[in-house]
1. Have a look at the chain and give its Rg and Dmax from the Cα atoms, expressed in angstrom.
2. Counting only protein chains, not ligands or nucleic acids, how are K259, K14 ordered by accessible area (probe 1.4 Å), most first?
3. Taking Rh as the Kirkwood radius, which is the inverse of the mean 1/r over Cα pairs, what is the Rg/Rh value for segment 271-318?
4. Counting only residues 5 or more places away or on other chains, whose amide H sits under 5 Å from the amide H of T376 once H atoms are built in the peptide plane?
5. Starting with the highest mean, order 433-443, 195-205 by the number of other Cβ atoms within 10 Å, averaged over the residues of each peptide.
6. Could you state the accessible area per residue of segment 4-164 in Å², with a 1.4 Å probe and every protein chain left in place?
7. Quick query: amide H of F454 versus all other amide H atoms, modeled in the peptide plane; which residues come in under 5 Å with a sequence gap of 5 or more or a different chain?
8. So which of K166/K481; K114/K172; K57/K408; K233/K481; K144/K267; K233/K424 end up more than 27 Å apart by C-alpha?
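The values are calculated or read from the model by the stated rules, or taken from the named source; none is laboratory data. Keep in mind that what you see is a predicted model, and the values were worked out from it rather than measured. So basically every Cβ, Gly included, is an ideal-geometry build from the backbone, and we count neighbours across all protein chains shown. Just so you know, the surface numbers come from the protein's heavy atoms only, side chains and all, with ligands and any DNA or RNA stripped out. Shrake-Rupley method; radii C 1.70, N 1.55, O 1.52, S 1.80 Å.
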Amino acid sequence: MPLKITVRSAQPVKESGDVIVVAVNTLSGGSKKKKDRSPLDGFDRALGGALVKRFRKDDFKGKKDQSVGISTLGKVKADRLIVCGLGDAAALRGPDVRVFGAKAARAANTEKAKRLVVGIPASAEPFMRELVEGLELGAYRFTKYVTGDRRPKAELASVTICVADKPDATVKARVDAGQAMAAGVNLARDLSNEPPNVLYPEALGEAARAVAKEHGLKCVVLDFKKIQEKGMKLIQAVGQGSERKPCLIHMSWTPPKPKKKLIFVGKGITFDSGGLSIKPAAGMGDMKHDMSGAANVVGLMAAIGALKPDVEVHGIVAAAENMPDGGAYRPGDVWGSLDGRSVEIINTDAEGRLVLADALAYARELGPDLLVDNATLTGACMVGLGTTCSGWYANNEETAEMFAAAAKATGENMWRLPLLEELKDQLKSDCADIKHTGDRYGGSITAALFLREFIGSVGAWVHCDIAGPSTSDRARGWDGKGATGHGVLTFYELVDGASRA
Ligand code: BES
Ligand code: MN
Ligand code: ZN
């Protein structure tokens, strides 16, 4: 459920709620002019001087990432006051405000609050959209399958955001955009968190259809028969060892006068057992998240459908379950591909790049100005970058600059990795055109090099390896670092950038 968000010209100290969270810029230390309003005004007096005392004790100066919490003992109309530092006003950026919003919502959840009051300084007001995104992302929990006492005692339902001036239409639009964007990210997280017995390839197709119906997007789902007819042999190979057959999902949004055409492709392995090259038992359950790239694409398309940019956007998902039955593909197999080339199978656990190869070959026929794929592709990427950061690759510098700018604007942790040409030799096969894995070292890079083989003449391509953030954070609220849904904000920023161009 989205939060009920109200923005009004008010002083936080006079508002009532379960928790009040106030953001301040670096405190000026007494040299305050009368006209400088602060969302903290009135609190110290109401609390009988306890707040300033507390600031001194904790050395709280309003610096970025500093925060203090204090019980109000009924002296204001909320049980608890939390003050968060935002640092200097001049340096404040959207991502800082988004993280603040998330912190506020997480604090509210910790306090079992239903009603939250948020106060922000004037410097944060232009970032209302980011604030709302942070609130919605921070409030997120995945509680669908817990019952009885395990259910959360309270759920954050409403947020009052106090600002200096009466909010105008721009503010309202920013709130709506923030909620639409966050709903997309949270949908991606819901899909990623669904267990694999519930969310199998066809169920993912149904989820995409439902999103398309709600937002007026086009959605075509190619079933197993169609996949075989079209010659998507790599998706077939990966998916045929499961009772749950694979499908290819193609969602699209076409505005009246599109400025550009962007395509986003996602790996949709609804469960990755490894296939015959079966994974060890420890941690196998995390592989329910192996469709996080696909979830991102569906979540992004939901945001696109709600925000309706002047850009043609396609979302393509290769969905399959990687299982080891008697019909499963094997190491040693040679399979064709939609692209026409033959691929020698080395390890059935390197399935993601195979389904993506066919999806990329399908996508390139649509003639995109920019093609972005995202996938929980390699453990190697996670070993390199940890669990809060994604790795990404671009096929030229201009594209890389564009992507880096988008990631910087959203503050998502995404680190560029190099397409080292000298590692390409690892993909040479004795019996087929190419093999799909290299040796142990540089595993994320060789996977990216393999994918690049299937983009044809597409000029601008980015591959994101989102393995770390997607499989580690699960249902925890967003804290500005890793979490499922990671990447969606940046992808939308690319679309937004194309609509401004
Ligand atoms: N889905 C995994 C990658 C993965 C592992 C993501 C752990 C998140 C957490 C992928 O399909 C895989 O199994 N990759 C192999 C490739 C190897 C066999 C070349 C890997 O990374 O070990
Ligand atoms: Mn695998
Ligand atoms: Zn996988």
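1. 24.2, 81
2. On the way: K259 100, K14 125 Å².
The most accessible residue leads, giving K14, K259.
3. Details: Rg = 15.5 Å, Rh = 12.8 Å.
Rounded to two decimals, Rg over Rh is 1.21.
4. K267, S292, G293, I466
5. Working: 433-443: 17.5, 195-205: 19.6.
My ranking of the peptides, most packed first, is 195-205, 433-443.
6. Details: 8030 Å² over 161 residues.
Computed with neighbouring chains in place, this is 50 Å² per residue.
7. For F454, whose amide H was placed from the backbone, there are no distant partners under 5 Å.
8. Details: K166/K481 33 Å; K114/K172 22 Å; K57/K408 35 Å; K233/K481 37 Å; K144/K267 24 Å; K233/K424 23 Å.
Distance filter (> 27 Å) returns K166/K481; K57/K408; K233/K481.
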